[in-house]
Amino acid sequence: MNVVTLKKGKEKQIKTRHPWIFSGAISGVSGNPNPGDTITVVDSDGNFLALGQFCPPGSSIALRLMEWRDNVPVDDLWINEKIDSAIKLREKLSPNTTTTNLTRRLVHSESDFLPGVIVDQYSDVLVIQLSTHGADKQRDVIIHALKSKLQPSCIYERSDGDGRKWEGLPPQRGVVYGKLPEGDLTIMQGDVKFNISIVDGQKTGFYLDQKENRIEVAKLAANAQVLDCFSYCGGFTIPALAAGASHVTSVDSSANALALLEKNLKLNNLDSSRQQSIKADVFEYLRENYKTEKRYDMIILDPPKLAPDRGSRDKAMRAYKDINLQGLRSLMPGGILATFSCSGSISSEDFRMATAWASIDAGKEIQIIKQLHQAGDHPIRISFPESEYLKGLLVRAV
Ligand code: SAH
């Protein structure tokens, strides 16, 4: 049997049900586990603590825990139950909705007790992303469960994120079931439509976690001169224009993202004279803009993860402070800043602190209008603080 023994005292963290164990907590491994194998975790006296996925030696997380009951095996039935439970929660969140135009996250990794497994739904097309050896081994069972529970027309795999690289796994993408509809998919988000490119888009095609925040931000966009930084395909640009922004400047470093944005403008029949796309590095763009007279009524800052892991927290705090400082400097007096962090290792308190440092250096007072989070279909697991990864502040700066 494959067994990991923890050092004395290290069992405390397991009892809080945090799902990650780092290598420093381990005193020994017996058996001959391969990456992704289910392994029994015991304390220094040999008492059962949990079952986890064995991660490849050298990866920062040594074990990803799945089950804390000692008489429950992690088998096909277990995986089916977790998928079932994840789907039931989403059905509660969007009751009485047919699959036509249903866009949501169905499975959110550790937050749904399935480490490394993401499933997004775009109408009757499902996109799966498997990012660990353990998730890879569960592939067939997961696909079978999704097919039988949801009868999708297509399941597409987009397992090509950074997580796989860190686990030493090659990228994997393509149709795993059914047939991908020809051309782009169109989804509704609130009152606006988006073209989704599952094959070429970022992540699984769209950032579903900002769903509710886009609506909150758009409510304040009427008649505003808006700067949407890190715009991707226009997640914030399109709702802001639809809500009556007088002009939106969208900045992203990816030409592909801005090409998708262009399609989304057309799809919503929005007047392109009210929008300008700029392919640039946002940090540089904001620094240069500050030197000019141009000031915006509203600035959105939705950067990619600036802290990829715990080790980069201090560097990321400086980057969050810097981006917010630059954003505040380009804002009109009394302007609105919608600022976000999607780094799991930066807490809400950290992010608020970085924004406070920025406000001091910018010489502006900040009033928080609303604190924002990831959408409810990306649940926050209370035993896993890192799962509260997306945090945002909607503020007025005076
Ligand atoms: N706001 C978007 C999601 C942003 S994801 C939405 O609502 O859908 C982050 C985006 O930042 C990506 O599109 C990526 O291409 C872009 N990006 C990453 N680093 C950048 C940089 N330094 N400058 C400009 N854009 C950047």
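The values are calculated or read from the model by the stated rules, or taken from the named source; none is laboratory data. The structure presented is a predicted model; accordingly, all values stated were derived computationally and were not measured. Methodologically, a virtual Cβ is constructed for each residue, glycine included, from the backbone with ideal geometry; neighbour enumeration extends over all protein chains shown.
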Unique residue being closer than 30 Å to residue 37 by Cβ and more than 12 Å from the ligand (Cβ to nearest atom) when the list is 190, 174, 178: 174
Which of the residues that make up region 356-398 are farther than 30 Å from residue 67 by Cβ, touching a Lys or Arg at 6+ places or on another chain (Cβ under 8 Å) and of a type in the set (D, E, K, R)? 361
Any chance you could count how many residues in region 48-70 are assigned to a loop (DSSP other than H, G, I, E, B) and surrounded by fewer than 21 Cβ atoms within 10 Å (Cβ to Cβ)? 8
Residue 140 passes all but one of the listed conditions (1) farther than 16 Å from residue 123 by Cβ; (2) surrounded by fewer than 16 Cβ atoms within 10 Å (Cβ to Cβ); (3) touching a residue at least 40 places away in the same chain (Cβ under 8 Å); the exception is number (3)
Residue match in region 313-333 (condition: modelled with pLDDT under 95 and of a type in the set (Val, Ile, Thr)): no
Any residue at all in region 345-359 that is β-branched (Val, Ile, Thr), more than 26 Å from residue 205 (Cβ to Cβ), assigned to a helix (DSSP H, G or I) and touching a residue at least 24 places away in the same chain (Cβ under 8 Å)? yes
In this structure, does residue 360 turn out to be over 17 Å from the mean Cα position of the chain (by Cα) and surrounded by fewer than 20 Cβ atoms within 10 Å (Cβ to Cβ)? yes
When you look at residue 173, is it under 14 Å from residue 204 (Cα atoms), of a type in the set (Lys, Arg) and either touching a Phe, Trp or Tyr at 6+ places or on another chain (Cβ under 8 Å) or surrounded by fewer than 16 Cβ atoms within 10 Å (Cβ to Cβ) (or both), yes or no? yes
How many of the residues making up region 193-202 are among the hydrophobic types (A, V, I, L, M, F, W, C) and more than 13 Å from the ligand (Cβ to nearest atom)? 2
Screening 253, 246 for residues that are closer than 24 Å to residue 289 by Cα and within 9 Å of the ligand (Cβ to nearest atom) leaves only 253
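Please work out if residue 205 is modelled with pLDDT under 95, under 26 Å from residue 86 (Cβ atoms) and within 15 Å of the ligand (Cβ to nearest atom).
Answer is yes for this residue.
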Which of (1) within 13 Å of the ligand (Cβ to nearest atom); (2) under 22 Å from residue 391 (Cα atoms) does residue 221 not meet, given it meets every other one? (1)
Could you give every pair whose Cβ atoms fall below 9 Å, whose first residue belongs to region 297-313 and is within 30 Å of residue 244 (Cα to Cα) and among the hydrophobic types (A, V, I, L, M, F, W, C), and whose second residue is in a loop (DSSP other than H, G, I, E, B) and near the ligand (Cβ under 9 Å from one of its atoms), counting only separations of at least 6 or pairs across chains? 300/230; 300/231; 300/236; 301/230
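Here is a check on your reading of the model: is residue 210 touching a residue at least 40 places away in the same chain (Cβ under 8 Å) and either surrounded by fewer than 21 Cβ atoms within 10 Å (Cβ to Cβ) or assigned by TED's automatic domain parsing to the domain that holds residue 129 (or both)? Don't jump to the end; show me each part of the working.
Numbers: touching a residue at least 40 places away in the same chain (Cβ under 8 Å): yes; either surrounded by fewer than 21 Cβ atoms within 10 Å (Cβ to Cβ) or assigned by TED's automatic domain parsing to the domain that holds residue 129 (or both): no.
In short, no.
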What pairs come up if the first residue lies in region 266-292 and is within 16 Å of residue 192 (Cα to Cα) and assigned by TED's automatic domain parsing to the domain that holds residue 328, the second is within 15 Å of the ligand (Cβ to nearest atom) and among the aromatic types (Phe, Trp, Tyr), and their beta carbons are under 9 Å apart, counting only those six or more places apart or on different chains? 267/194; 268/194
Could you please let me know if residue 327 is under 21 Å from residue 235 (Cβ atoms), among the small types (Gly, Ala, Ser) and in a helix (DSSP H, G or I)? yes
Of the numbered conditions (1) within 15 Å of residue 87 (Cβ to Cβ); (2) modelled with pLDDT under 95, residue 126 fails exactly one; give the number of that condition. (2)
Condition (residue is modelled with pLDDT under 95 and either away from the ligand (no atom under 16 Å from the Cβ) or crowded, with 16+ Cβ neighbours inside 10 Å (or both)) applied to region 284-305: is it met by at least one residue? yes
Residues that are surrounded by fewer than 15 Cβ atoms within 10 Å (Cβ to Cβ), modelled with pLDDT of 95 or more, more than 22 Å from the chain's Cα centre (by Cα) and part of a strand (DSSP E or B): does region 71-85 have at least one? no
Within region 333-354, does at least one residue satisfy the condition of being more than 28 Å from residue 21 (Cβ to Cβ) and among the aromatic types (Phe, Trp, Tyr)? yes
May I ask you to list the residues in region 161-205 that are assigned to a loop (DSSP other than H, G, I, E, B) and without any contact (Cβ under 8 Å) to a residue 24 or more places away in the chain? 170, 171, 182, 183
